[in-house]
Amino acid sequence: MPRPTALLLGKIDHARREWESLSAVAGLKEIASGTRESIIQDFKDGKYDGVVAIYRTYDSAKITGRFDKDFVSQLPSSVKFLCHNGAGYDQIDVEPCTARGILVSHTPGAVNDATANVAMMLILQALRKTYIAETSLRAGTWRGKLPLGHDPDGKTLGILGLGGIGVALSIRAKAFGMRLIYHNRREAVYNPGGAEYEPNLNKFLARCDVLSIHLPLGDGTRHFLGKKELRTLKRGAVLVNTARGAVVDEAALVEVLEEGHLGGVGLDVYEDEPKIHEGLIGREDAVLFPHIGTFTVETQVCRPLLLTPSTMTG
């Protein structure tokens, strides 16, 4: 029986040893640069015939583009497994993979703790206006014109999407004395934080002192929060997004901030990363992180993962 081959798309920095250890069971090939067109041509030329499994990093989309129907159709016929290093699969069209008998896996549980920690950090920093405090200190003006911030205690945190990360955030926020509500398409089965279910989106938004977004990105959630929804939030509310940038209409968000309707935002994701809407840069009411939600040793190197039917889509 011929030795199987695994193909890495993108670069692995922190788990390099683990990747290379797979050489004990498979031949390893890598594509760390190039263009979508050059990679497709290599597929057509048979350079990667015999590849059984493709392991792709989130950042590999910069060279391959989206795994859409066209790209999937160019994959070697030998490919049976597509392994995505990330939560969700908004970069992958699962249907054409399924049609070709390719199983698609992703790592939803691996990012829960790290992303929830960053969401909680953004909530606290946006409430306490730490950006103003830090820039004033670094400018040598001590507190400068730092206004009073807000404590999280007693504030209503609305969690938009009570999945794994939303649940992890609810547990953390409860420890800070926050009241918890959530909105899903349907009532959550697992809700250890005891968050209250609000099925009506408008009523949900109107109750939020802080809104934290945890929706996957798809056709039904792109620009899920536009100008109308953002204005439905309480005046002075804080919006935090650690999910996907395009869930929020970024231009509308800037407009609502400029109107003074929102009290602040905390963002780790953006609609057109790494580009950020110029209306966000320099705003004292915006805490901005460069998509570091999963940037921890525990998430990227050490945490063991179990591949189960619940983590497989195909």
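The values are calculated or read from the model by the stated rules, or taken from the named source; none is laboratory data. None of the values given here were measured: they were computed from a predicted structure. Glycine also receives a Cβ, built like all others from the backbone with ideal geometry; neighbour counts cover every protein chain displayed. What goes into the accessible areas is simple: the full protein's heavy atoms, side chains included, and nothing from ligands, DNA or RNA. Shrake-Rupley method; radii C 1.70, N 1.55, O 1.52, S 1.80 Å.
For this structure, a couple of remarks:
- Relative packing of 275-283, 150-158, which averages over residues the other C-beta atoms within 10 Å, highest first: 150-158, 275-283
- Cα gyration tensor shape for the chain, rounded if a/c is under 1.5, else prolate or oblate: prolate
- Sorting 187-198, 207-218 by average packing, meaning the other beta carbons within 10 Å per residue, from highest down gives 207-218, 187-198.
- Once the 1.4 Å probe is applied to the protein heavy atoms, region 30-127 comes out at 42 Å² accessible per residue.
- Count of Lys pairs (Cα-Cα under 16 Å; at least 8 positions apart or interchain) in region 28-96: 4
- Mean-position separation - Cα centroids, region 231-272 and region 192-229, in angstrom: 12 Å
- Size of electric dipole in region 62-137: Cβ of Lys, Arg +1 and of Asp, Glu -1, about Cα centre, debye, nearest 20: 80 debye
- Solvent-accessible surface of region 154-272, taken per residue with a 1.4 Å probe and all protein chains present: 41 Å².
- Options P274, I54, P147, ranked by Cα towards positive dipole end of the chain, top entry (Cβ charges): P147
- Look at where the Cα atoms of region 25-61 and of region 68-109 average out, and the two centres are 13 Å apart.
- Antiparallel %, DSSP beta bridges [both residues in the chain], to 5: 5 percent
- Helix-only CD estimate at 222 nm, as mean residue ellipticity for the chain, using -39500 (n - 2.57) per DSSP H run (n ≥ 4): -8000 deg cm²/dmol
- Using R0 = 51 Å, the C-beta based FRET efficiency linking N200 and D49 works out to 0.45.
- Carbon plus sulfur fraction of accessible area for the chain, probe 1.4 Å, in percent: 54 percent
- Checking the Cα-Cα distances for K203/K228; K145/K234; K129/K228 against a 20 Å cut-off, the pairs over it are K145/K234; K129/K228.
- Region 5-106: C-alpha gyration tensor shape, a/c 1.5 cut-off, then a/b vs b/c: rounded
- The DSSP beta bridges internal to region 111-288 are antiparallel in roughly 5% of cases.
- List T294, T299, ordered by accessible area with a 1.4 Å probe, largest first: T294, T299
- For the peptides 29-36, 110-117, 284-291, the ranking by mean Cβ contacts within 10 Å, running from highest to lowest, is 110-117, 284-291, 29-36.
- These residues, W142, W19, go from largest to smallest accessible area, 1.4 Å probe, as W142, W19.
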